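First comes the structure, then the notes that go with it.
The values are calculated or read from the model by the stated rules, or taken from the named source; none is laboratory data. A quick note: this is a predicted structure, and the numbers were derived from the prediction, not measured. In this analysis, Cβ positions are derived from the backbone assuming ideal geometry, glycine residues included, and neighbour counts consider all displayed protein chains. Heavy atoms of the whole protein, side chains included, go into the accessibility calculation; ligands, DNA and RNA do not. Shrake-Rupley method; radii C 1.70, N 1.55, O 1.52, S 1.80 Å.
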Amino acid sequence: MPRWWPGVTRMEDVQDDRFTQVFVTKKGRPVRVDFHLVSSEPPWRRTWEQEILGTPFERVLHASVTEVVLEPAADGTRITIAQRQKLRGYSRTGGLLLRRATAKRLDEALEGLAQICG
């Protein structure tokens with residue numbers, strides 16, 4: 001994921017059913033984000049969810065689920081990345097901004113995959 005997911009500098013504690021992404025803030029501070037695997041149908045579909053309870057993200061997010069789907073296509077493989085996020089409390093007023101930022105991040109992830117897959 002550091003090669004293609006926007007902002008991820010490294011992965012930690014990678015296991016079959018969980019992993020941690022490490023991001024670096026603009027001030028240079030590392031931020032760890034933990035995820036667990038929700039479902040997997042190798043090699044076509046993988047879904048993971050951010051672990052939010054007990055983290056600073058709990059103030060803003062109620063849930064964040066990401067799914068990557070690969071489908072055969074005439075010209076290769078179609079990749080779809082979807083992210084469903086549910087905001088908590090007052091943060092719900094920023095839904096439009098979150099959707100725009102999420103769409104941009106997912107587009108960057110697709111571009112990153114295209115670059116490493118040639």
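Residues in segment 81-92: is at least one over 24 Å from P2 (Cβ atoms), under 16 Å from the mean Cα position of the chain (by Cα) and of a type in the set (A, V, I, L, M)? Yes - at least one qualifying residue is present in segment 81-92.
Based on this model, can you work out whether L96 counts as outside any strand (DSSP E or B), within 20 Å of T20 (Cα to Cα), out of contact with any helix residue (DSSP H, G or I) (no Cβ under 9 Å at 6 or more places or on another chain) and among the hydrophobic types (A, V, I, L, M, F, W, C)? No; evaluated as a whole, the condition is false for this residue. Which members of segment 12-27 meet the condition of being farther than 18 Å from R46 by Cα and open to solvent by less than 60 Å² (accessible area, probe 1.4 Å)? E12, V22, F23, T25 - these are the residues of segment 12-27 that are farther than 18 Å from R46 by Cα and open to solvent by less than 60 Å² (accessible area, probe 1.4 Å). Taking the condition at pLDDT below 90, exposed (fewer than 15 other Cβ atoms within 10 Å of the Cβ) and touching an Asp or Glu at 6+ places or on another chain (Cβ under 8 Å), does R88 pass? So R88 passes the test. Could you pull out every one of the strands (runs of 3 or more DSSP E) wholly within segment 28-79 that has 1 or more residues that are surrounded by fewer than 12 Cβ atoms within 10 Å (Cβ to Cβ) and not aliphatic (A, V, I, L, M)? Of the strands (runs of 3 or more DSSP E) lying wholly inside segment 28-79, those with at least 1 residues that are surrounded by fewer than 12 Cβ atoms within 10 Å (Cβ to Cβ) and not aliphatic (A, V, I, L, M) span 30-41, 61-73.
Just wondering, is there one or more residues in segment 99-108 that are acidic (D, E), modelled with pLDDT of 90 or more and over 13 Å from the mean Cα position of the chain (by Cα)? No, because not a single residue in segment 99-108 is acidic (D, E), modelled with pLDDT of 90 or more and over 13 Å from the mean Cα position of the chain (by Cα). Residues that are farther than 12 Å from F19 by Cβ and touching a helix residue (DSSP H, G or I) at 6+ places or on another chain (Cβ under 9 Å) within segment 38-59 comprise I52, R59, listed in sequence order.
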